[in-house]
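A.B. asks: Please read through the structure below; I'll follow up with questions.
The values are calculated or read from the model by the stated rules, or taken from the named source; none is laboratory data. Keep in mind that what you see is a predicted model, and the values were worked out from it rather than measured. Every residue, glycine among them, receives a Cβ derived from its backbone with ideal geometry; neighbour counts consider all protein chains shown. The protein model used for the area step is the full one, side chains on, heavy atoms only, and it has no ligands, DNA or RNA in it. Shrake-Rupley method; radii C 1.70, N 1.55, O 1.52, S 1.80 Å.
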Amino acid sequence: MLPHPFKVILFALSLLVGADAKAGSCLHIQAPEGPYGIQLQGSLVDGKPYAAVGSASIHQSTFTLQLTASEGGSIIKRTILGTVSVVDCELNLAGTGVDLGFVLKGQITERGKEIFVTAIQSAQPIVASGTMRPRLLRRCSNNTLKGTFTYISQGFDRVGTGTNVQWAPIGKIGDEKFDGKGCSVYKESIKQGTSFSEAEGPLKYRVLEDCTFELLDQGMPAFLGVIVDNGQVMPYLKLVDGAVHLGEYTRINSSSTPLNCP
């Protein structure tokens, strides 16, 4: 018996659609290019915690990455140069020259709005994963941070010295209001080990043209972050010796007049 013509047509269409979906799974995703923000969290192979934020500039086949990391509580800044390759939905950033051994592999998500990444470094044993997001903004200023943001932070604080070093887990949630002029006011809840506390107060901040920003404590940079996704999201890192904290802000609104700001 010959198959029903309608069933034959459906079967043929299913083959065509399946082949197209497989072959064109990334057809609608533009290859990464331009400025991106990156965040990574994980550990060194010796068990010490690791966290990093940075800015990546991707131009066709090459990239430059400005990365600030807390490696076991020590703040380290690196500029990494290398080459870019994209195959299907997979992105590879590989260091060249003195940066040989640095490899960052990523999977591009829908329309390239986010790239899941993991660090593969033979020269420096780190196991860390995170995300890359396009910056979208051409340039930034203090006024870019005007509004109310909620934030979350997770990490560890180094406790003890010498052979008695331990890592106490810490987590925070809070909200922060930025006045667009360099002043913010925060209120947060903190769980450190078995202790719970709350804190609030003002902070100074400054935003650079490349959309990185610093939160200042007594005039010194205490946090470093990067503004991505058109100013809607801001991953950040604590810049204090002995701390490995990675967090992220999410914008709630763009209008705010914080109290206690001059």
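A.B. asks: THR64: net charge of surrounding residues, Cβ under 15 Å, Lys/Arg +1, Asp/Glu -1, itself excluded?
C.D. replies: Its environment carries a net charge of 0.
A.B. asks: Jot down the per residue volume, in cubic angstrom and as a whole number, of the convex hull over the alpha-carbon atoms of the chain.
C.D. replies: 198
A.B. asks: Among residues other than VAL226 whose Cβ falls under 12 Å from its Cβ, what is the net charge (Lys/Arg +1, Asp/Glu -1)?
C.D. replies: With Lys, Arg at +1 and Asp, Glu at -1, the neighbours total -2.
A.B. asks: Within the accessible area of the chain, what % is carbon and sulfur when the probe is 1.4 Å and the other protein chains stay in place?
C.D. replies: Answer for the chain is 57 percent, counting heavy atoms of protein chains only.
A.B. asks: Could I ask something else about it? How high is the relative contact order of the chain, given as a whole-number percent (alpha carbon pairs under 8 Å, six or more residues apart)?
C.D. replies: Averaging sequence separation for qualifying contacts and normalising by length gives 17 percent for the chain.
A.B. asks: Leaving out ligands and nucleic acids, and using a 1.4 Å probe, what accessible area per residue does the chain come to in Å²?
C.D. replies: 55
A.B. asks: Just to be sure I understand the curve: with the Debye formula and one point per C-alpha of the stretch 139-204, what is log10 I(q)/I(0) at q = 0.19, 0.29 Å⁻¹?
C.D. replies: Those come out to -0.79, -1.16, one per q.
A.B. asks: Expressed as an acute angle from 0 to 90° and rounded to the nearest 10, what is the orientation of the C-alpha long axis of helix 5-23 relative to the principal long axis of the chain?
C.D. replies: Approximately 40 degrees, to the nearest 10.
A.B. asks: In the neighborhood of GLY42, defined by Cβ-to-Cβ distances under 15 Å, what is the net charge if each Lys or Arg adds +1 and each Asp or Glu adds -1?
C.D. replies: Computed value for this residue: 0.
A.B. asks: Follow-up. Students often check this: by mean Cβ neighbours within 10 Å, which of 130-140, 201-211, 239-249 ranks highest, and how do the rest follow?
C.D. replies: Descending mean neighbour count gives 239-249, 130-140, 201-211.
A.B. asks: Follow-up question, since we're still on this one. Tell me what the chain gives for mean residue ellipticity at 222 nm when only DSSP H runs of n ≥ 4 count, each as -39,500 (n - 2.57), the sum divided by the residue total, rounded to 500 deg cm²/dmol.
C.D. replies: -2500 deg cm²/dmol
A.B. asks: Could I ask something else about it? Measure out, as a whole number of angstrom, how far apart the alpha-carbon centroids of the stretch 93-125 and the stretch 213-260 sit.
C.D. replies: If we compute the Cα centre of each part, the gap is 24 Å.
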